[in-house]
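All remarks here apply to the structure that follows.
The values are calculated or read from the model by the stated rules, or taken from the named source; none is laboratory data. This one's a predicted model, so the numbers in the text were calculated from it and none came from an experiment. Reconstructed Cβ throughout: ideal geometry from the backbone, glycine too, with neighbour counts over all protein chains shown. These area figures cover heavy atoms from the full protein model, side chains too; ligands, DNA and RNA do not enter into them. Shrake-Rupley method; radii C 1.70, N 1.55, O 1.52, S 1.80 Å.
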Amino acid sequence: MVLDSEADTSLLLGTEDVPPVMEENPAGRSPFLLTADHYGRLIPRILGDLGLPASQLARHIAWDPGIAGVADALSEHLGAHLIAQRYSRLVIDCNRPPHTASAIPLISEATTVPGNEGLSRDDAEMRRAQIFDPYHRRIDEIIDARAQQGMPTVLVSLHSFTPVYAGIARPWHIGTLYHRDTMLPPLLLKHLRSEGDLVVGDNEPYAVSDETDYTIPVHGERRGLMNSGIEIRQDLISDQAGETAWAERLARVLGEIETTLRKEGMI
Ligand SMILES: [Zn+2]
């Protein structure tokens, strides 16, 4: 079946659904461009609850708990443009190459997602066209616009991770995630470690790769921007006080890094 674009719109995001892209501080002058691929856990109305109970839809499989509060406050503190995605990663994961199986997961951490079973190619394409593409198109547009204005862009992709995975407790409070950038990640590691009270993961609990990630490889590496992912452990940002404290800490650390980058003529 061939769908025209108007039919597409009526079949996934309807008039009662909000747009996928959420932005804060679009006029912010900070060199840091913040992204949050797993900011929200909305589900387009037409998809119901994807066949999952509310308890599952509040878990990490659906989004990155705590990161929205951190991202909002960090954007505010830094005067940094934040581009975030409001829909659940179970609808389509905006940090996976869209043609991989994990982009629209049938099973996520041992939980089967009934609403993703037997998905037609058209249905999958529609999720990409209406959620994934607008989000990444917007990041692209903003990076282009900043370059045209002569504004530097240092890409920071914000995520949160579960304190326990597959029965094993994760010791890190925060981790940097990177692949090809040799500038920002070591600076971040150095500054975070000098805080003195943090267990800092170096490419832990995950490392970035072209197969398992999208935002860093595509927007950061392919465009030659300094970049890093930041992962914060979810139990540390499970309430507003935690979110605020981490946003303040990261704003201070990133502010120090900005000073260093300016001094060295990197931005
Ligand atoms: Zn994430």
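Points to keep in mind about this one:
- What a 1.4 Å probe finds exposed on the range 1-135 is 53% carbon and sulfur by accessible area, rounded to a whole percent.
- The range 139-200 - percent of accessible surface contributed by carbon and sulfur, probe 1.4 Å: 56 percent
- Per residue accessible area in Å² of the range 96-250, where ligands, DNA and RNA are left out and the probe is 1.4 Å: 46 Å²
- Across the range 67-74, rounded Karplus estimates of 3J(HN,Hα) from the backbone phi angles (6.51 cos²θ - 1.76 cosθ + 1.60, θ = phi - 60°) give 6, 4, x, 5, 5, 4, 5, 5 Hz, Gly and Pro being marked x.
- The Thr112 and Arg45 beta-carbon pair, evaluated with R₀ = 30 Å, returns a calculated FRET efficiency of approximately 0.85.
- Counting only DSSP beta bridges whose two residues both lie in the chain, roughly 40 percent are antiparallel.
- Accessible area (Å², 1.4 Å probe, nearest 10) - Tyr206: 80 Å²
- The convex hull around the C-alpha trace of the chain, projected and averaged over every direction, spans 14.3 square nanometres.
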